[in-house]
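Here the structure is laid out as structure tokens; the discussion comes afterwards.
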Amino acid sequence: MIEGWTYALAHPESAIASLKKFDNSINEKKELLGLQIGKEYLQGYDGKLLYSDTESWEKMIADMKDLGFLKDDVDLSKVLDLSFVEHYYSKIKEIKEQKK
């Protein structure tokens, strides 16, 4: 999944063309614009696609509560699991170290 997003951010027109092949009903201009506008967000926390940390989630939840989008606290231990992303990045690090 991360490789796909990496490709899409580096080659947005090609990524949207591939998406169009999958779903001919999409609005290519709208999807391309969304990808371009969201690029900074999509690039991820700490320069790692799909990566986040508990502190950033806690801040986002606090902001959403302040804005009235959430009424109750969220127990992140019940809803947030970053282990698959952390595993991916640890494997990438191992591969890079092996190539040295």
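A short reminder: the numbers here are calculations on the coordinates, not readings from a lab. None of these values were measured; they are calculated from a predicted model. Don't worry about glycine lacking a Cβ; one is built from the backbone with ideal geometry, like all the others, and counts go over all protein chains shown.
Within straight-line reach of K39, meaning a Cα separation under 14 Å, sit the following aspartates and glutamates at least 8 residues removed in sequence or on another chain: E13, E31. Classify region 1-60 as rounded, prolate or oblate, taking a ≥ b ≥ c as the square roots of the eigenvalues of its Cα gyration tensor: rounded when a/c is under 1.5, otherwise prolate if a/b is larger than b/c and oblate if not. Prolate is the answer for region 1-60, as a/c is 1.5 or above and a/b outweighs b/c. One quarter of the surface of the convex hull around the alpha-carbon atoms of the chain equals 9.0 nm², the direction-averaged projected area. Each 10 Å bin from zero up to the one holding the largest Cα-Cα distance in region 47-100 carries the following percent of pairs: 21, 37, 25, 12, 5, 0.
Using θ = phi - 60° in the Karplus curve 6.51 cos²θ - 1.76 cosθ + 1.60, the 3J(HN,Hα) couplings for region 16-30 round to 5, 4, 5, 4, 4, 5, 6, 9, 5, 7, 5, 8, 4, 5, 5 Hz; x is entered for Gly and Pro.
The lysines whose alpha-carbon is closer than 28 Å to the alpha-carbon of K100, local same-chain residues fewer than 8 away aside, are K48, K91. Excluding V74 itself, what net charge comes from residues whose Cβ is under 11 Å from its Cβ, given Lys and Arg +1 and Asp and Glu -1? Charge balance in the 11 Å sphere: -1.
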